[in-house]
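Notes to accompany the following structure.
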Amino acid sequence: MQIKNITSIKEKLFKGSKYKQNFPKTVDFNFPQLYKQIVTQIKTTEISAECILYSAINSVNETNEFSDADYWDNKLEIKNHWFIGANGQGDLWLLNKDNKVLFYDHNEEKISIEKLIDLGLTFDKWLQFAFLNKDYEKILEKNKLNNSCKDNYLECMNKISEELVKNYPFEI
């Protein structure tokens, strides 16, 4: 396993894609350029079981759905977060205005800053993690996981972000 560069990640995401969409003009969020470039050209994509990246339209819909104050402990925080994806278990990935990607465990009650897990990921690092995780899942599917593979996975995670290994919400 190795960490993929952003150019190869974009090639994989755009392969065969003729999809083009824009964010509605009413959306007022300062997205990183890379995020905007990618999600306006893809359909919602399952990169790995842990990382499903929403298309622009799906991210607007999810963000609008979760903008109801009933979902949040502090309704003032709603405008500072954008829902960019999920995993196969119902957990969510959010982008904040500082370009940090945060993890939200759906088993928590209301969303709050304290319940969002900072894994030290910006959007580009999240993409690298997503594709690394995809490679790891392939090894698991083939029942070829051994200590060397696991150590390599952890080493790559650590290169992406030290907080990723420290705060990762699942058992590895």
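The numbers here are math on the coordinates, done by the rules we state, and not lab data. It should be emphasised that the depicted structure is a prediction, and the values quoted were computed from it without experimental measurement. So basically every Cβ, Gly included, is an ideal-geometry build from the backbone, and we count neighbours across all protein chains shown.
Give the angle, between 0 and 90 degrees and rounded to the nearest 10, that separates the Cα long axis of helix 56-65 from the longest principal axis of the Cα atoms of the chain.
Between the helix axis and the principal axis of the chain, the angle is about 60 degrees.
Semi-axes of the chain's equivalent ellipsoid from the Cα gyration tensor, sqrt of 5 times each eigenvalue, largest first, rounded to whole Å? Mind showing how you got there, number by number?
Working: eigenvalues 140, 82, 36 Å².
The three semi-axes for the chain are 26, 20, 13 Å.
May I ask you to derive the relative contact order of the range 100-149, considering only C-alpha pairs under 8 Å and at least 6 residues apart, and to give it as an integer percent?
Once normalised by length, the contact order is 32 percent.
For Cys156, Cys149, Cys51, which order do you get if you count the other beta carbons within 10 Å of each Cβ and list the fewest first? Can you show the working numbers first?
Details: Cys156 20, Cys149 15, Cys51 23.
Fewest to most other Cβ atoms nearby, the residues stand as Cys149, Cys156, Cys51.
Going down the list Lys18/Lys150; Lys115/Lys159; Lys15/Lys138, which pairs span over 29 Å between their C-alpha atoms? Provide the component values of the computation, followed by the final result.
Numbers: Lys18/Lys150 37 Å; Lys115/Lys159 25 Å; Lys15/Lys138 20 Å.
Where the Cα-Cα span goes over 29 Å, the pairs concerned are Lys18/Lys150.
Could you give the length gained by full extension between Ser148 and Asp28, i.e. 0.36 nm per residue of separation minus their alpha carbon distance, to one decimal place? Provide the component values of the computation, followed by the final result.
Values: separation 120, 0.36 × 120 = 43.20 nm, distance 4.56 nm.
Roughly 38.6 nm would be gained on extension.
With an 8 Å cut-off on Cα pairs and a minimum separation of 6 or more residues, tell me the relative contact order of the range 1-128 in percent.
Here the relative contact order equals 21 percent.
Using a Gaussian network model on the chain with a 10 Å cutoff between Cα atoms, which of Glu77, Glu108, Glu46 fluctuates the most?
Glu108
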